[in-house]
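This report refers to the structure that appears directly beneath it.
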Amino acid sequence: MKEVKINKIQAYRKTLDLTQKEMSKLLNISEVMYSRKERRLTPFTDTEKVKLLNYFKKYFKEETIDSLFF
């Protein structure tokens, strides 16, 4: 049976009622690129990971880089 890994980035974005366009602006990348990264077709850079962690930690205080991305 294939292990299903929850996409926390997408789940948190939707929980906070944010669009991919808003997230792409946060990371200063195109909406298309953000979509590819959120769907795990292209990896987030280390800098983008830190930006996302810092943003989501405002709402999900116990989140870490490891729990968010790995």
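Can you tell me which of Lys61, Lys14 is outside any helix (DSSP H, G or I) and out of contact with any Cys (no Cβ under 8 Å at 6 or more places or on another chain)?
Among Lys61, Lys14, only Lys61 is outside any helix (DSSP H, G or I) and out of contact with any Cys (no Cβ under 8 Å at 6 or more places or on another chain).
Would you point out which residue out of Gln20, Gln10 is open to solvent by less than 70 Å² (accessible area, probe 1.4 Å), of a type outside the set (A, V, I, L, M) and in contact (Cβ under 8 Å) with a residue 24 or more places away in the chain?
Just a single option satisfies the conditions, and that option is Gln10.
Just to be sure, is Asn28 open to solvent by 60 Å² or more (accessible area, probe 1.4 Å) and farther than 16 Å from Ile65 by Cα? Lay out the reasoning, then the answer.
Working: open to solvent by 60 Å² or more (accessible area, probe 1.4 Å): yes; farther than 16 Å from Ile65 by Cα: yes.
Here the answer is yes, as Asn28 does meet what is asked.
Quick check on segment 35-56: of everything there that is over 12 Å from Leu68 (Cα atoms) and of a type in the set (S, T, N, Q), which residue is surrounded by the fewest Cβ atoms within 10 Å (Cβ to Cβ)?
Once the filter is applied, the top-ranked residue is Thr47.
Is it the case that some residue within segment 25-32 is small (Gly, Ala, Ser), out of contact with any strand residue (DSSP E or B) (no Cβ under 8 Å at 6 or more places or on another chain) and in a helix (DSSP H, G or I)?
The answer is no, given that none of the residues of segment 25-32 is small (Gly, Ala, Ser), out of contact with any strand residue (DSSP E or B) (no Cβ under 8 Å at 6 or more places or on another chain) and in a helix (DSSP H, G or I).
In segment 22-65, what count of residues is obtained for those that are closer than 21 Å to Ile6 by Cβ and of a type in the set (S, T, N, Q)?
Total meeting the criteria: 4.
Which one of Lys5, Lys57, Lys21, Lys25 is at pLDDT below 95 and not small (Gly, Ala, Ser)?
That would be Lys5, the only listed residue that is at pLDDT below 95 and not small (Gly, Ala, Ser).
The values are calculated or read from the model by the stated rules, or taken from the named source; none is laboratory data. Note that this is a predicted model, so its numbers are computed, not measured. Here Cβ is always computed from backbone atoms with ideal geometry, including for glycine, and neighbour counts include all displayed protein chains. With ligands, DNA and RNA removed, areas are computed over all heavy atoms of the protein, side chains included. Shrake-Rupley method; radii C 1.70, N 1.55, O 1.52, S 1.80 Å.
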